[in-house]
Amino acid sequence: AYNLIRIRKGDEWKTVFVTPSGHYEYWVMPYGLSNSPSIFQNFMNEIFRHMLNRFVIIYIDDILIYSPNLEEHRCHVTQHRLFLKGEKCKFHETTVHFLDYVITPEGVQMDQGEVDAVQNWPQPTTVKEMQRFLGFANFYCRSNANF
C-alpha cells in the first residue's frame, strides 16, 4: 500500500538508485525508506481521521474496526464506504488478536505467545542481544502496568 503515496514532485531524485541497466528514481514511496512507515501512518490517519478511536484503530496497515453490535458494524462499514477483503476479515468475534494483544470484553492482555517468549528469553550475552530484549520489553511495559 506504500505505493499509493506519490513522492513529492521534484523530490524523486532523493530516491535514486543505479543498476548496470540504468539510473532509476521512484515516483511513489518505496518500502525501505527510513521515514516510509511514519508517512504511511500519517496517510492512514488522515484517511480515517473521523473514525479513529471511535470505531477504528490503525497501526500502519493493520486496521481494527469494532462495534458493539452487528447492526452498528454494518452501518460503520457501509456509511463510510469501506471495502473489506473477506479472507482478511473476522466477524462476530468476542476475542480478537491485534498487534500481539488479545482483546476481549474483559479487557486487553498480551498474547500468550508473547508472554511465553518473554519467560523463555535466553539471558543476553552480548550488547546486541540485550538491546533486542530491551526493545521487545519496552514495547510491552508501556501498556502493561505489571510487566
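Derivation of every value follows stated rules applied to the coordinates shown; laboratory data play no part. None of these values were measured; they are calculated from a predicted model. As a convention, Cβ positions derive from the backbone with ideal geometry for all residues, glycine included, and neighbour counts pool all protein chains shown.
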Amide H contacts under 5 Å for F98, restricted to residues at least 5 apart in sequence or on another chain and with H modeled in the peptide plane, are I103
Between K9 and S38, what FRET efficiency comes out of the Förster formula 1/(1 + (r/R0)^6) with R0 = 22 Å and r the beta carbon distance, rounded to 0.05?
-> 0.60
Quick one, which of (i) 19.0; (ii) 15.6; (iii) 20.5 is the actual Kirkwood radius over Cα pairs in Å calculated for this model?
-> (i)
Quick one: among V96, V127, V118, which has the greatest mean-square fluctuation in a GNM of the chain with alpha-carbon springs under 10 angstrom?
-> V127
Out of Q112, Q79, Q123, any idea which swings most in a Gaussian network model of the chain, alpha carbons joined below 10 Å?
-> Q123
Under 18 Å Cα to Cα from K85, which aspartates and glutamates show up? Leave out anything in the same chain fewer than 8 places away.
-> D61, D62, E93
For the stretch 124-141, in order, what is each residue's ³J(HN,Hα) by Karplus, 6.51 cos²θ - 1.76 cosθ + 1.60 with θ = phi - 60°, in whole Hz (x at glycine and Pro)?
-> x, 10, 10, 4, 4, 5, 5, 4, 4, 5, 5, x, 4, 5, 4, 4, 8, 5
